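The structure appears below as structure tokens.
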Amino acid sequence: MAALTAVLTAFALAACTSPTGTPGSTGTPGPGESATNGGAATSSSPTPTTPPPPPPLAWGPTEADVQGWIDEAAGLDLAEAAGQVIIARYSGTDPATPADLVRKLDLGGIVLFAGNIASLDQVIATGEAIQAAGEDLGRDWPTIVSADDEGGRVQRLSGARGPWTTFPSFSHAGDAPAKVVREAMAAMAIEQRASGLNTDFAPDADVTIGPADPTIGDRSASEDPDKAAAAVAAAVEGFTAGGVLSSLKHFPGHGALTVDSHKALPVQEDTTAELEERDLVPFRAGIEAGAPMVMMGHIDVEAWDPGVPASMSAAAYDYLREELGFTGVAITDGLEMGALDAIGDAGDIAVTAIGAGADLLLGPTDPALARQALIDAVEAGTLDRDRLNEAAGRVMAMMDWQTHLASEAGPVSPADVGSAKEAAAALAGY
């Protein structure tokens, strides 16, 4: 509870901060300025000035910070760089299993599903084992420990499996005040971090079309793009305040599609202008609110790249970065899904996705094959090593930034698990 109180206090302080402030700013007068004269120079004579620091990217670090990590990724062994862009699934509840995978394949991270969760102590031990494996590899950035926690029917850390707070579906966020949404997601993040997780594949930024939408439904905040956008932005701010990395999904929007991408490739027939008016509105809002990740959906957008899933399409990644201005980590949706059957095996899918512009591969059916395919493609010249460095470096930069977010949010402990009930109930009231 103390951790949640600290986060909510930080919200209040942030509301009083000048909108022109930058991370790390002390608010002290600069050279030639006075604290009592509104910043006017005290003398008409020229005064040396220090160039202002570069502005941060929307999600936190500066462009130079990210480039520094990309440069560091260039110094990794090829096998290390290839593993860094993979998040793997695993079976069972033994903490040693995912830790061994990280060590063996140099993995960027692990994703937990319901079958990997037995108790709070076991999940904490799993997170600790995964981080120890990353340290054994010589990393000075955290390894990704992630899950899908949206609330409602998609919630891995739920009260059904342990002491975690059960949250309502994200559909409640569409009508809730932004403050309620922020506080609920910050509270969720506190419980996740207290359990050893640092990354959540939420919020859902899809705009649902209602009963005709078989996949998203109440995972979406609203059928109204503007309501969905406001909820998504508030959720991103909440996760950030709680010290957990968030991810907008499923770009460019799955809520208007009547085919489930878990089973087959859905086709989006709308024009780009129509997508901008509906599906893309919450993604733009979430990016502006500081989302560090966008999850690319397995969706055939005919206006961009007919017949090719967005997760495998250079045109889709280009649109995300050039038109929406996204500078963070682009992650694929789960790579075990039926929408990708036509692409090939886990190796073909990995090379195609990274080559198109993905930075992270989520859940390849065979992570060892995916990693080896990336190595082989770089050695054969069919995948540019610079593209792999860019992907790995962005992931490393994001995980380094997560340590900053966690530090800002404050320490957590297992006692914080279950502390979010009041915030969850407030959200459930809408």
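FYI, it's all coordinate maths here, none of it is from the lab. Just so it is clear, the structure is predicted and the values come from calculations on it, not from any experiment. Every residue, glycine as well, gets a Cβ built from its backbone with ideal geometry; the counts of neighbours run over all protein chains shown.
Highest first, please rank the peptides 106-113, 220-227 by the mean number of other Cβ atoms sitting within 10 Å of their residues. Don't skip to the end; give the middle numbers.
Values: 106-113: 24.0, 220-227: 21.4.
The packing order, highest mean first, is 106-113, 220-227.
Suppose R0 equals 41 Å. What FRET efficiency, 1/(1 + (r/R0)^6) with r the Cβ-Cβ distance, do Arg153 and Ala74 give to the nearest 0.05?
On the way: r = 42 Å, r/R0 = 1.03.
With R0 = 41 Å, the Cβ-Cβ based efficiency is 0.45.
Using label points projected 7 Å from each Cα along Cα→Cβ, tell me how many nm separate Thr47 and Gln67, to one decimal.
Each label point lies 7 Å from its Cα, and together they span 3.0 nm.
Nearest 500 deg cm²/dmol is fine: what mean residue ellipticity at 222 nm does the chain get from its DSSP H runs of n ≥ 4 alone, each adding -39,500 (n - 2.57), divided by its residue count?
Details: 14 runs with 173 residues, N = 430.
Estimated from H runs of four or more residues: -12500 deg cm²/dmol.
Report the residue, chosen from Ala356, Ala291, Ala202, that carries the largest GNM mean-square fluctuation when the chain is represented by alpha-carbon nodes joined by springs under 10 Å.
Ala356
Can you list residues whose amide H is under 5 Å from Met295's amide H, if they're 5+ apart or on another chain and H is modeled 1.01 Å from N?
Those qualifying (amide H under 5 Å, at least 5 residues apart or on another chain) are Leu248, Lys249, Phe251, Ile331.
Mind giving me the FRET efficiency for Glu322 and Lys179? R0 is 56 Å, r the Cβ-Cβ distance, nearest 0.05 is fine.
On the way: r = 33 Å, r/R0 = 0.60.
Between Glu322 and Lys179 the formula returns 0.95.
Using 0.36 nm times the number of residues separating Gln122 and Leu137, minus their current alpha carbon distance, what extension gain do you get? Intermediate values should be presented prior to the final figure.
Values: separation 15, 0.36 × 15 = 5.40 nm, distance 2.28 nm.
Result: 3.1 nm gained on full extension.
Can you give me the relative contact order of the range 78-428 as a percent, contacts being Cα pairs under 8 Å and 6 or more apart?
Working: 826 pairs, mean separation 68.4, N = 351.
RCO, the range 78-428: 19 percent.
Based on the mean of other beta carbon atoms within 10 Å per residue, what is the order of 379-388, 209-218, 304-313, most packed first?
So the peptides 379-388, 209-218, 304-313, ranked by packing, come out 304-313, 209-218, 379-388.
Check Glu302: other-chain or 5+ apart residues with amide H under 5 Å from its amide H, H built from backbone geometry?
Close amide H contacts, sequence-distant or interchain: Gln268.
Given the chain, what count of lysine pairs have C-alpha atoms under 22 Å apart, with each pair 8 or more places apart or on different chains?
Details: Lys179/Lys227; Lys179/Lys249; Lys179/Lys421; Lys227/Lys249; Lys249/Lys263.
Number of lysine pairs found: 5.
Quick one: compute the contact order of the range 284-430, relative version, from alpha carbon pairs under 8 angstrom and 6+ residues apart, as a percent.
It comes to 19 percent, rounded to a whole number.
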